[in-house]
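Below: the structure, in C-alpha cells.
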Amino acid sequence: MRTYLWPRRSFSRSVQYFSKRILRLKATPHSVAAGVAAGVFASFFPLGFHFIIAAVLCWVIAGNLVAAALGAVFFGNPLTFPLLWGASWETGKLILHERLPKHGPPEHLGEMMHTLSFAKLWHPILEPMLLGAVPLGLIFGLIFYGITRWGMTVFREQRKKRMAERAEKAKRAGGREVPAE
C-alpha cells in the first residue's frame, strides 16, 4: 500500500513505467489512446465504479481495455482523488448555479456521511459531483487522447526506424538478418 501512495524510487520512474507499458501495447494508436482517455474520463466520477465506466466507454469507442485500466490507475489514484472530486464538485455547483453558504458546508454533512444515506447525499454532494465529472472528464480525456495518440505514433515510427537500422547493420556485417517489425 505504501508503494502505491509513494513509489520506492521516484514519481518520474513510475510515470516512465506507465508510459512504457502504454506505448508497448499491441493495438492501434486510436485503440490505445481511446482506452487511456476512457480511463482518465472515468477517474473523475465518485462512487468507485471507475473500471466499469472505463470498460463500458472502451466498448463504445473501440478502446483498449488494458490501456483504460492503466489510464484509470495512473490518473485516478489516492493522491489525485481529492483534487479530481473537489474539481468535479465545484464544476457541478457552477453548472447547477448553487453555492454553499459562506460559513462552510451544511451542518448535517457529517451525519449524512456517517449514515451514508444515498437519498441524503444525492442533492448536496453526489449530484454536483456527477454533473461536474462529465465536462472535466471529457476535457481531460480528449487531452490525454491527443497526447497518447501522438506518443504512440512517434514511438512506433522510431521503433520501426531502429529495427530497420539494426537489420541493415546485420546485413552489412554478413550475419543473419534481424527481422524488422
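In region 18-80, the portion of solvent-accessible area held by carbon and sulfur atoms comes to 76 percent [1.4 Å probe, whole percent, DNA, RNA and ligands not counted].
For ARG21 and LEU96, a Förster radius of 30 Å and the Cβ-Cβ distance give a FRET efficiency of 0.20, rounded to the nearest 0.05. When each of the peptides 77-84, 58-65 is scored by the mean number of other C-beta atoms lying within 10 Å of its residues, the order from highest to lowest reads 58-65, 77-84.
Per-residue extension of 0.36 nm, minus the Cα-Cα distance of PHE51 and LEU79, leaves a gain of 8.3 nm for this segment.
The convex hull defined by the C-alpha atoms of region 14-54 has an orientation-averaged projected area of 3.2 nm². The modelled label-to-label distance for the pair TRP150/ALA164, using points 7 Å beyond Cα in the direction of Cβ, is 2.3 nm.
Computed from the Cβ-Cβ distance with R0 of 45 Å, the FRET efficiency linking TRP59 to ARG172 stands at 0.40. Using the 1.4 Å probe convention, the accessible area of region 129-178 works out to 72 Å² per residue with neighbouring protein chains retained.
The values are calculated or read from the model by the stated rules, or taken from the named source; none is laboratory data. These figures come from a predicted structure and were not determined experimentally. For neighbour counting, all protein chains shown are included, and Cβ atoms are generated from backbone atoms with ideal geometry for every residue, glycine included. To get the accessible areas, we keep the full protein, side chains included, count just its heavy atoms, and leave off ligands, DNA and RNA. Shrake-Rupley method; radii C 1.70, N 1.55, O 1.52, S 1.80 Å.
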